Amino acid sequence: MSTYVIGDLHGALPQFQKMLTKIRFAPENGDELYLLGDYIDWGAYPLETLLFVMHLDRSSDRVHCLKGNHEEMFQAMMEISGKGLDDNPIAVNWLVNNRGAGTWKEFSKLDRLRQWEIRKWVTDLPLSFDVRDGDKHYMLAHAYPYYYDMEYSPLEARLRRKDAVWRRLLLREDPFAEYKGAQKYHCLLCGHTITDYFFTRMKAEKNWPFRKPRQTKRNKIFHGEKFVDLDCGAKLLSCGDDPDPGIRAAAGRAQLACIRLEDAEEFYVR
């Protein structure tokens, strides 16, 4: 029995399916799979990826899916659908700035019952999971911890929910520094930020490479001091011919990443 965690998929359905084969994921044998959100947008198969993930989630209680900021934007878009999208800042931010147009185009072709099923599934996605492996206690979240054992005011709850899918961790940040609950967390497993971001931040440090987490390779899983980031740029896997030269260059390094908690073995698919 193994526990696998996979970062942001972003429409990379062939690579995700190849990853499941590579790790020999077998829920019928007790394997657990945790997905950290951002199933849609950017990639070549955004809605197909979400539907595949939704099917896995519904088919097995050993598949666990989190909400990412792209699902949050998708949910907001579904809620305002038909209310003047052309000049709506929420719509513009998602469709244009976050490349959600492909997702929305395919979603709009579906019948209303199927759209309702997707909307309900996306809306109900949790913001964090607690996972134990021996004496280690992990929190899994898309971007930042959300504590279901803490009491929040309505305003604070909204801010914490936003942090859970949008906040970008600092290089040496302790994501549990503000936690006042009874649990003892060893590490946060997250996505959201492409790991190359932390590589460049480390290079900018005055004493680099003497003060650094152990992983220093570009677009590999990043092991921070209190968090592990699994977003290795899968959203760029289909962007090799993008007009932006920076995106084209990043696409050449992009891959989908997975980690097995029991032995920390890492798996990659390009």
Inset, instruction - Quick one: divide the alpha-carbon radius of gyration of region 1-131 by 2.2 N^0.38 Å and tell me what you get. - result: 1.07
Inset, instruction - Leaving ligands, DNA and RNA out of it, report the carbon-plus-sulfur percent of the accessible area of the chain at a 1.4 Å probe. - result: 50 percent
Inset, instruction - Give the accessible surface of the chain per residue, rounded to a whole number of Å², with probe radius 1.4 Å and ligands, DNA and RNA excluded. - result: 49 Å²
Legend entry - Projected label distance in nm at Arg24 and Glu266, using a 7 Å step from Cα toward the beta-carbon: 2.3 nm
Inset, instruction - Among (i) 33; (ii) 24; (iii) 20, find the value of percent of Cα pairs over 31 Å apart that was calculated from the structure presented, and write down its label. - result: (ii)
Inset, instruction - Kindly flag which residue pairs out of Lys105/Lys235; Lys18/Lys67; Lys180/Lys235; Lys180/Lys226; Lys162/Lys203 have an alpha-carbon separation exceeding 24 Å in this structure. - result: Lys180/Lys235; Lys162/Lys203
Inset, instruction - With springs connecting C-alpha atoms under 10 Å apart, model the chain as a Gaussian network and identify which of Tyr197, Tyr138, Tyr152 has the largest mean-square fluctuation. - result: Tyr152
Inset, instruction - Springs between alpha-carbon atoms under 10 Å, Gaussian network over the chain: tell me which of Arg172, Arg158, Arg248 tops the mean-square fluctuations. - result: Arg158
Inset, instruction - Would you mind telling me which residue in Thr193, Thr103, Thr123 has the biggest mean-square fluctuation in a Gaussian network model of the chain, where springs connect alpha carbons within a distance under 10 angstrom? - result: Thr123
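The values are calculated or read from the model by the stated rules, or taken from the named source; none is laboratory data. Being a predicted model, the structure only gives us computed values, none of them experimental. All Cβ positions, even for glycine, are placed from backbone atoms using ideal geometry, and neighbour counts span all protein chains on display. Heavy atoms of the whole protein, side chains included, go into the accessibility calculation; ligands, DNA and RNA do not. Shrake-Rupley method; radii C 1.70, N 1.55, O 1.52, S 1.80 Å.
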